Amino acid sequence: MTFAAWIKSKEKLDSPAHRLHLGSMKLILSTHNIRLTKAIEDHVVKQLEKLDHFDKRTIDARVTLEHDHTRATGKQLSCSIRLSVQGPDLFAEHVESDLYAAIDKVTKKIEQQIRKRHNKWKARKHKIAARSKQTRQEAEPD
């Protein structure tokens, strides 16, 4: 049974925090002043599947959806994601008037952080390889 099929078979979505497994990633979904519907949960899962594609070594994802009545009427809905990975965790938050747009924007922010982290790792690996190649060439007699 796939993860999406398992979610569709779930009956109760009323609890404040859901613990789901997405591939190798554990999903902890919590809401504040928002009723979690099946459509919202499916959208979050779809976006996290994209993130799982970029980094397979993610341990868990904590997604918080919040409706803040004290903010201005245009930007009351917020979404925040914390990805637990090896090393420092990745965190992003976005406030929007539309919850789906907030989920999309925060996913894009996390995706950019994953790409930046991966590019730094590749550059460091390339630098080490270039340095070792240079020392080998210097050590070889002509």
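Laid out as a table, the results:
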quantity: Residue-by-residue Karplus 3J(HN,Hα) for region 109-119, coefficients 6.51, -1.76, 1.60, Hz, glycine and proline x; calculated: 5, 5, 4, 5, 5, 5, 4, 4, 4, 5, 5
quantity: Exceeding the 21 Å Cα-Cα cut-off - candidates LYS50/LYS109; LYS75/LYS105; LYS75/LYS116; LYS50/LYS75; LYS26/LYS50; LYS46/LYS109; calculated: LYS75/LYS116; LYS50/LYS75
quantity: Cα-based shape type of region 42-142, given that a ≥ b ≥ c are square roots of the gyration tensor eigenvalues and the cut on a/c is 1.5; calculated: prolate
quantity: Prolate/oblate/rounded call for region 93-142, Cα gyration tensor, a/c under 1.5 rounded; calculated: prolate
quantity: Karplus-derived 3J(HN,Hα), 6.51/-1.76/1.60, for each residue of region 91-106, Hz, glycine and proline x; calculated: 9, 8, 9, 9, 10, 8, 7, 10, 5, 5, 5, 5, 4, 5, 5, 5
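Each reported figure results from applying straightforward, stated rules to the coordinates on display, with no laboratory input. These numbers were taken from a predicted model, which means no experiment stands behind them.
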